[in-house]
1. Which is out of contact with any strand residue (DSSP E or B) (no Cβ under 7 Å at 6 or more places or on another chain), over 17 Å from Met179 (Cα atoms) and at pLDDT 95 or above, of Ala63, Ala69, Ala55, Ala29?
2. Going by the structure shown, is Ser108 over 15 Å from the mean Cα position of the chain (by Cα), under 20 Å from Gly178 (Cβ atoms), modelled with pLDDT under 90 and polar (S, T, N, Q)?
3. Need the failing condition index for Trp62 against (1) crowded, with 16+ Cβ neighbours inside 10 Å; (2) without any contact (Cβ under 8 Å) to a residue 60 or more places away in the chain, just the number.
4. Can you list residue pairs whose Cβ atoms sit under 6 Å apart, with the first residue in region 126-138 being surrounded by 13 or more Cβ atoms within 10 Å (Cβ to Cβ) and the second being not in a helix (DSSP H, G or I)? Count only pairs 6 or more apart in sequence or on different chains.
5. Condition check: surrounded by fewer than 19 Cβ atoms within 10 Å (Cβ to Cβ), among the β-branched types (Val, Ile, Thr) and within 17 Å of the chain's Cα centre (by Cα). Does Val70 satisfy that?
6. Restricted to region 33-54, and to residues that are of a type in the set (A, V, I, L, M, F, W, C) and under 15 Å from Met105 (Cα atoms), which residue is nearest to the chain's Cα centre (by Cα)?
7. Regarding Ala74, is this residue among the aliphatic types (A, V, I, L, M), touching a helix residue (DSSP H, G or I) at 6+ places or on another chain (Cβ under 8 Å) and closer than 18 Å to Ile177 by Cβ?
Amino acid sequence: MHGPVSAAWLLVALCAATGAYCLLRMRSAVEEQRRAAGGEALMGFGMAAMAVPAAVFTPPGWAWPLYAAVFGAAALRALWAARSGPHHLHHVVGTVAMVYVSLVMAASPTSPAAHHHPHIGAGVPLVTGALLLYFTGYVLLSGARLVPAAATAGTTGAVRWGDRPELARACRLSMGIGMVAMLLTM
């Protein structure tokens, strides 16, 4: 990721904390909640790893294709889950965005792969712009939905940390903000 080092470390912290909370959510009694939390934990930790400043750690050339393969598999899994309802489509877009970021980073000038494919980034601004529009809209909509959820959260009895809907929404909102930040620095 390119950009200010302090912003990159904030993004690493946000995404790692989100991934850790999603691991907590995997202990939920609700199967659908556990399944979604697993994919979101992968996204959070993957985004945290990608956001580590290049001045601190430059991944080897094989890391970016590996990221693309892992998130490609996650995209296929999310696409399979999307058969049960449209609420899974956001996970498809998120994992495809991670594949895209991995491929762009593999082809960046600091990457050894860029010397073999110097023109790979010809369509980058259009795809990046479309993803930025999607995730910006998602963040705004998620933030608006989060406000009423926090006001009504106390109406139910004792709810386990992994089953709190407002925290799951906040988790998704954090990852959306992180994706916007990652796309802005590309």
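The values are calculated or read from the model by the stated rules, or taken from the named source; none is laboratory data. The model shown is predicted, which means the values in this text are computed figures rather than measured ones. Glycine also receives a Cβ, built like all others from the backbone with ideal geometry; neighbour counts cover every protein chain displayed.
1. Numbers: Ala63 fails: at pLDDT 95 or above; Ala55 fails: at pLDDT 95 or above; Ala29 fails: at pLDDT 95 or above.
After ruling out the rest, the residue left standing is Ala69.
2. On the way: over 15 Å from the mean Cα position of the chain (by Cα): yes; under 20 Å from Gly178 (Cβ atoms): yes; modelled with pLDDT under 90: yes; polar (S, T, N, Q): yes.
So Ser108 passes the test.
3. Just one mismatch for Trp62, condition (1).
4. Going by the 6 Å Cβ cut-off, the qualifying pairs are Thr128/Met186.
5. Working: surrounded by fewer than 19 Cβ atoms within 10 Å (Cβ to Cβ): yes; among the β-branched types (Val, Ile, Thr): yes; within 17 Å of the chain's Cα centre (by Cα): yes.
So Val70 passes the test.
6. Let us first name the residues in region 33-54 that are of a type in the set (A, V, I, L, M, F, W, C), namely 36-37, 41-43, 45, 47-52, 54.
With under 15 Å from Met105 (Cα atoms) added as a condition, the list becomes 47-52, 54.
On the way: Met47: 6, Ala48: 9, Ala49: 11, Met50: 10, Ala51: 11, Val52: 14, Ala54: 19 Å.
It comes out as Met47.
7. Working: among the aliphatic types (A, V, I, L, M): yes; touching a helix residue (DSSP H, G or I) at 6+ places or on another chain (Cβ under 8 Å): yes; closer than 18 Å to Ile177 by Cβ: no.
The answer is no for Ala74.
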